[in-house]
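Beneath this line is the structure, given in structure tokens, with notes to follow.
The values are calculated or read from the model by the stated rules, or taken from the named source; none is laboratory data. Here the structure is a predicted model, which means the values were calculated and not measured. We place every Cβ from the backbone using ideal geometry, glycine too, and count neighbours over all the protein chains shown.
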């Protein structure tokens, strides 16, 4: 076997790699923000909302968790486009991924909310806090603190899974790598570089979550213990 | 003296199980009332009804002028007037001692942060924990946590304080430090109702002792009834309690 490694041929395409990395990061960033907002909201509805709303959220969560992300993306980008609604591809991709991650986030946050002891709610109630105040100050914050490590993992997974969106035409990192590969036929080198880049991205996302956690949860910052 | 708490023939069931079978008693302003009795006698349920954590199904209950049997009761107003402390402290674990105490004044009364902090300092000093202001609950002993819970209620300046077996989870030494805080409160003139197993404390501090049995008030009177009970059931209860 005589194979000459030629990473230079791949690295020549660095502008594409940078562009792809940037797109992946942006996609992850926006999906993280919207995903956590949707997830926290749906988790509150699912645990404390009226019956019909709980069922609606349940339906959303189960539907998303039990169908492939690929089909969800195709549906949102091509299915809806065929009905005449044309979204910029990156917007469609962000929406698809947000809807997907929102469902998983809902389940994680719900577990956190359900871990809050009844006595906490009673104490808040007896101090005169309204239901909304109780949720905001006594339920959501400790719930998020408790499930934060699970959330961070889920969002690293989201970043990795965003590579699927290359197949609907999003020029994120994997999409760009595919282009380089078809230009250079340097498959081995391309995927080694790609793997390293994803690894670095994952470390960055994890570090971002760790820093955010320190900012959001002063108790954890001070004591370093899980809640 | 006007009664601040008035229960008349109060009834409460959980499903088919009747817990309160017509409870009647009153507590005047500034009085300390101790409710004693075996587990299952309904004493904690009676107390929880007074803060409307449970709704009553029969009779009438008037607490600080609020009629608890009314379906359109102003719960927010009731809870401004009534403070409650639980056996399990129920401090908010993600907040410091000061933040635990400041939360309700800020959110419920809309008091600014700086002023809320001043209030918190005062009530936390009252329970003897000034140096623990910025600690988290998990860094405190059970007795200290319970004293913070008392401070948290006091910060809302209630007219009536309810104590639900607040020392049952504590060892004797920690029990002592919590009871001393409660004794000081009583001396300051706070109206208090406590469900307790601490006979010594009831004897010393209570103006009124209410012995409950099988969902009813079985015997009631000044703390003298603990020395010379008039019913054989209370006599048995006291001698059993003394053995522990």
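Tabulated results
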quantity	calculated
Test: residue in region B:141-154 that is free of Cβ contacts under 8 Å to residues at least 12 places away in the same chain and either over 21 Å from residue B:34 (Cα atoms) or away from chain A (no Cβ under 14 Å) (or both)	no
Whichever residue in region A:111-124 is facing chain B (nearest Cβ under 9 Å) and buried (at least 20 other Cβ atoms within 10 Å of the Cβ) and, among such residues, is nearest to residue A:209 (Cα to Cα)	A:124
Among (1) surrounded by 13 or more Cβ atoms within 10 Å (Cβ to Cβ); (2) over 25 Å from residue A:192 (Cα atoms); (3) free of Cβ contacts under 8 Å to residues at least 24 places away in the same chain - the single one residue A:52 does not satisfy	(1)
Residue match in region A:105-115 (condition: free of Cβ contacts under 8 Å to residues at least 40 places away in the same chain and closer than 27 Å to residue B:54 by Cβ)	yes
Residue list for region B:64-94, filter: within 14 Å of chain A (Cβ to nearest Cβ), more than 13 Å from the chain's Cα centre (by Cα) and assigned to a strand (DSSP E or B)	B:66
Condition met for residue B:191 (touching a strand residue (DSSP E or B) at 6+ places or on another chain (Cβ under 6 Å), buried (at least 21 other Cβ atoms within 10 Å of the Cβ), more than 29 Å from residue A:227 (Cα to Cα) and at pLDDT below 95)	no
Subset of region A:64-74 (residues that are free of Cβ contacts under 8 Å to residues at least 60 places away in the same chain and in contact with a helix residue (DSSP H, G or I) (Cβ under 8 Å, 6 or more places away or on another chain))	A:64, A:65, A:72
Selection from region A:174-227 of residues that are outside any helix (DSSP H, G or I), free of Cβ contacts under 8 Å to residues at least 40 places away in the same chain and either under 25 Å from the mean Cα position of the chain (by Cα) or within 14 Å of chain B (Cβ to nearest Cβ) (or both)	A:224, A:225
Any chance residue B:98 is in a helix (DSSP H, G or I), modelled with pLDDT of 95 or more, closer than 20 Å to residue B:178 by Cα and within 13 Å of chain A (Cβ to nearest Cβ)	yes
1 or more residues at pLDDT 95 or above: qualifying helices (runs of 4 or more DSSP H) within region A:41-133	A:51-65, A:89-114, A:118-126
Restricting region A:13-36 to residues that are free of Cβ contacts under 8 Å to residues at least 40 places away in the same chain and under 13 Å from residue A:180 (Cα atoms), the residue that is surrounded by the fewest Cβ atoms within 10 Å (Cβ to Cβ)	A:15
Count of region B:104-121 residues which are surrounded by fewer than 23 Cβ atoms within 10 Å (Cβ to Cβ) and facing chain A (nearest Cβ under 9 Å)	3
Top-ranked residue in region B:230-244 [being surrounded by 10 or more Cβ atoms within 10 Å (Cβ to Cβ) and touching a helix residue (DSSP H, G or I) at 6+ places or on another chain (Cβ under 8 Å); ranked as modelled with the lowest pLDDT]	B:241
Single residue of A:151, A:214 found to be closer than 30 Å to residue A:123 by Cα, modelled with pLDDT of 95 or more and touching a helix residue (DSSP H, G or I) at 6+ places or on another chain (Cβ under 7 Å)	A:151
Output for region B:46-63, where each listed residue is buried (at least 22 other Cβ atoms within 10 Å of the Cβ), more than 10 Å from every other protein chain (Cβ to nearest Cβ) and under 14 Å from residue B:164 (Cα atoms)	B:46, B:49, B:50
Restricting region A:135-145 to residues that are within 9 Å of chain B (Cβ to nearest Cβ) and crowded, with 22+ Cβ neighbours inside 10 Å, the residue that is farthest from residue B:53 (Cα to Cα)	A:142
Filter result (touching a helix residue (DSSP H, G or I) at 6+ places or on another chain (Cβ under 7 Å) and part of a loop (DSSP other than H, G, I, E, B)) within region B:1-37	B:37
